[in-house]
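*Asks:* One structure coming up, written as structure tokens, with questions to follow.
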């Protein structure tokens, strides 16, 4: 469950960071569409928090050194998945973002509560 939660949080984090960029926002909402400054700030904060929480999950499960190494591997896999998703189906990435984030947060809550 820990690896799935960390991967889901990494996916959600990278998707949020990517959607805060003008290029990816325009891919979804049409050319000439600009994200608001507030939306950009919220997406960047949520993305950074999700990536940090994924790191915390890895460290809680495997300790500092090995947790960091496995977190970097998870970051690599999730970044590739988000890049491919944004290349081929950008609207799908936006629609899946809340669900993936919820899966990651539920897994994190389960791990830290128990």
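*Asks:* Would you work out the Kirkwood radius for the stretch 6-107? I mean one over the mean of 1/r across all pairs of different Cα atoms, in Å. Walk me through the numbers on the way to the answer.
*Replies:* Numbers: mean 1/r = 0.0727 Å⁻¹.
Taking the inverse mean of 1/r over all distinct Cα pairs, the stretch 6-107 comes out at 13.8 Å.
*Asks:* Expected output is a single nm value to one decimal: the length gained when fully extending between residue 113 and residue 89, i.e. 0.36 nm times separation in residues minus the C-alpha distance. What is it?
*Replies:* Difference between extended and current length: 5.1 nm.
*Asks:* Considering the chain as a Gaussian network with a 10 Å cut-off on Cα pairs, which listed residue, 70, 33, 78, attains the greatest mean-square fluctuation?
*Replies:* The residue that fluctuates most here is 33.
*Asks:* Given the C-alpha centroids of the stretch 57-114 and the stretch 37-55, what is the distance between them in whole angstrom?
*Replies:* What the calculation gives is 13 Å, centre to centre.
*Asks:* Report the residue, chosen from 61, 79, 52, that carries the largest GNM mean-square fluctuation when the chain is represented by alpha-carbon nodes joined by springs under 10 Å.
*Replies:* Taking springs between Cα atoms under 10 Å, the residue moving most is 61.
Laboratory data are not the source of any read-out in this text; all were calculated from the coordinates shown. Note that the structure is predicted; figures quoted are calculated from it, not measured.
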